1. Can you tell me which residue in region 224-239 is surrounded by the fewest Cβ atoms within 10 Å (Cβ to Cβ), limited to those that are of a type in the set (A, V, I, L, M) and farther than 15 Å from residue 480 by Cβ?
2. As an exercise: evaluate residue 147 against (1) more than 30 Å from residue 292 (Cα to Cα); (2) within 26 Å of the chain's Cα centre (by Cα); (3) open to solvent by less than 10 Å² (accessible area, probe 1.4 Å) and give the number of the one condition it does not meet.
3. Could you say whether any residue in region 358-370 is buried (at least 16 other Cβ atoms within 10 Å of the Cβ) and either more than 25 Å from residue 421 (Cβ to Cβ) or modelled with pLDDT of 85 or more (or both)?
4. Inside region 62-145, counting only helices (runs of 4 or more DSSP H) that do not spill past its ends, which hold 1 or more residues that are free of Cβ contacts under 8 Å to residues at least 24 places away in the same chain?
5. Taking residue 51 as the residue in question, decide whether it is at pLDDT 80 or above, surrounded by 11 or more Cβ atoms within 10 Å (Cβ to Cβ) and more than 25 Å from the chain's Cα centre (by Cα).
6. Say we look at region 382-434 and pick out the residues that are part of a loop (DSSP other than H, G, I, E, B), open to solvent by 50 Å² or more (accessible area, probe 1.4 Å) and hydrophobic (A, V, I, L, M, F, W, C); which of these is modelled with the lowest pLDDT?
7. Name the single residue that is nearest to residue 316 (Cα to Cα) among those in region 502-514 being open to solvent by 20 Å² or more (accessible area, probe 1.4 Å) and of a type outside the set (S, T, N, Q).
8. Pick out, from region 175-221, the helices (runs of 4 or more DSSP H) lying fully within it that include 3 or more residues that are modelled with pLDDT of 70 or more.
Amino acid sequence: MELRARVFSAAAIPAQAWRQLPVLLAGLVIALPVAVVLATGLSEGGGSAWTHIRDTLLAGYFTGTLSVLIMTGILCLLMAVPAAWLVTMFRFPGRGVFEWLLVLPLAAPGYVLAYAWSDLAGVGGPLQSALREATGWSARDYWFPVLSSAPGLSFVLACALYPYVYLTARAAFLSQSVCTMEAARSLGASPVRTFWSVALPAARPAIAAGLALALMEAAADYGAAEFLGVPTLTYGIVRAWKSFGEPAAAARIALVLLLLVLTLVIIERRSRGRAGIQQSSTRWREIPRVTLRGPAAIGASALCTAIFTFAFILPVGRLIWRSIETGTRAAPIGDALLNSLLLASAGAAFAFVLALIIALSIRARGPIATVARIAASSGYAIPGAVLALGALAVIAALPVTLSGVLALAALAWVYAVRFTAAGTEPMAAALARAPASIGQAAESLGATPMRRILSVDLPIAMSGAAAAALVLFVEALKELPATLMLRPFNWDTLAVRTHAYASDERLASAALPALLITLAGLLPVILLSRQMSRARPGSAA
């Protein structure tokens, strides 16, 4: 009997290894660009370009990035946390609408908002023109905030990224202990004191996690920083490759950026691990919202209106106005639109396959599946410029030339590495919601592991496939730095064309492609906000 068990175990190991092979390959595909960047950055090289960057530019890149992250983080907290608390805990005019409207700025990339706000707030823009007409001043008679600065970039990025913090803060406030808050109120605590002493400490881990995600996106930004002239690490990576022609120097700058991103990832993971919910009752109860009246109700509505206006209404409205104003004189973008659809579809399809493999492997709970999922999550945190640099290094080591179809394939690869995690999570969530007894029943009826995957796990995972595919497509459509670094010559996407027009100060021509990118991002954001507005543990919805 013991000999038979050993023979069976020895025969089962190769079969199990073969079943783990797809997820192993998926993990390697995702991890390869980052590993190559690390190896290139740690090796000797860079020449005089690296010496020049290290001695004269690197400190500016680092301090510029750090200052932008600090100011962006502060602005995100000031915009997101009060708004999340108000729509969760109080009734006031417009509360139900603001609950999902405040998520919509997530649809617009930071570089699109930078172009729109630059057109709005420039000397010849409508804001300063209206000020001069109302006062009779000239442009030299008053001070106006300068957008082309680190605070200006931070404001633009905060407008685009605060929904990350808003979503996590709102979810934490929704899931907090009603009994604890009722106990605080029964002891005479005011709503303000309840917020500072009870709700905020309990929600702090979730808020920190959302803030870390927002800052990862801010660190990865290239388009807004380059347009506004703010030196950041991502800007330095693209410049080292584009202007100096030194991939090794760019890789060394990427190492500094990776260390910064790794710090944010650790903060996010530790915050998620500390997040917990304390509930003294055996049942979840709906949060008893307090009805605001008079000045308090007006103030709550005014705050939410101001946030949504500055983050979405003004910049997107300006893009719409510019597009209508330009009319038939707009530069043609049909080829860029077609290129964007083709490239985003290819990248989304590649990422979807990798996400499906990783999601299906999660049931096995093996170390390879765990490592692959971590690699996918880490890829989402790595800036596109760093991944493009890794792809360039891999292709440079092969006896091929980066052009045409190979360049497009490399772009699809980078898109897949960057966004696989966004596709994995919806399908993994669908599998997690399914009872484990379904798969156990299939196995008890004699189904092989492969048949169980095809007949049980795959149909369950595909229930989250539509959301995953939509998110992957939109994220690939908005990606800018990787597309700039890897695209074939004279092969533009909407993001590249928008960036080119804005860089040439042709903001009127940039309005239409920028608006199309924003409209494409609205659908998944609206679906997300509607789902969030119905979400409450234990509620009927």
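The values are calculated or read from the model by the stated rules, or taken from the named source; none is laboratory data. These figures come from a predicted structure and were not determined experimentally. Cβ atoms come from the backbone with ideal geometry, glycine included; neighbour counts cover every protein chain shown. Side chains included, ligands, DNA and RNA excluded: accessible areas come from the protein's heavy atoms. Shrake-Rupley method; radii C 1.70, N 1.55, O 1.52, S 1.80 Å.
1. Taking region 224-239 first, the residues of a type in the set (A, V, I, L, M) are 224-225, 228, 230, 233, 237-238.
Filter again for farther than 15 Å from residue 480 by Cβ, leaving 230, 233.
Values: 230: 23, 233: 28.
Residue satisfying both the conditions and the ranking: 230.
2. Condition not satisfied by residue 147: (3).
3. No, there is no match, as no residue in region 358-370 is buried (at least 16 other Cβ atoms within 10 Å of the Cβ) and either more than 25 Å from residue 421 (Cβ to Cβ) or modelled with pLDDT of 85 or more (or both).
4. Values: elements: 95-101, 110-121, 126-135.
So the answer is 95-101, 126-135.
5. Numbers: at pLDDT 80 or above: yes; surrounded by 11 or more Cβ atoms within 10 Å (Cβ to Cβ): yes; more than 25 Å from the chain's Cα centre (by Cα): yes.
The answer is yes for residue 51.
6. Our first condition is that a residue be part of a loop (DSSP other than H, G, I, E, B); within region 382-434, this holds for 382-383, 397-403, 434.
Narrowing further to those that are open to solvent by 50 Å² or more (accessible area, probe 1.4 Å): 397-403.
Keeping just the survivors that are hydrophobic (A, V, I, L, M, F, W, C) gives 397-398, 400, 402.
Numbers: 397: 85, 398: 85, 400: 82, 402: 77.
Top of the filtered list is 402.
7. 512
8. On the way: elements: 178-186, 191-194, 200-220.
Here the list reads 191-194, 200-220.
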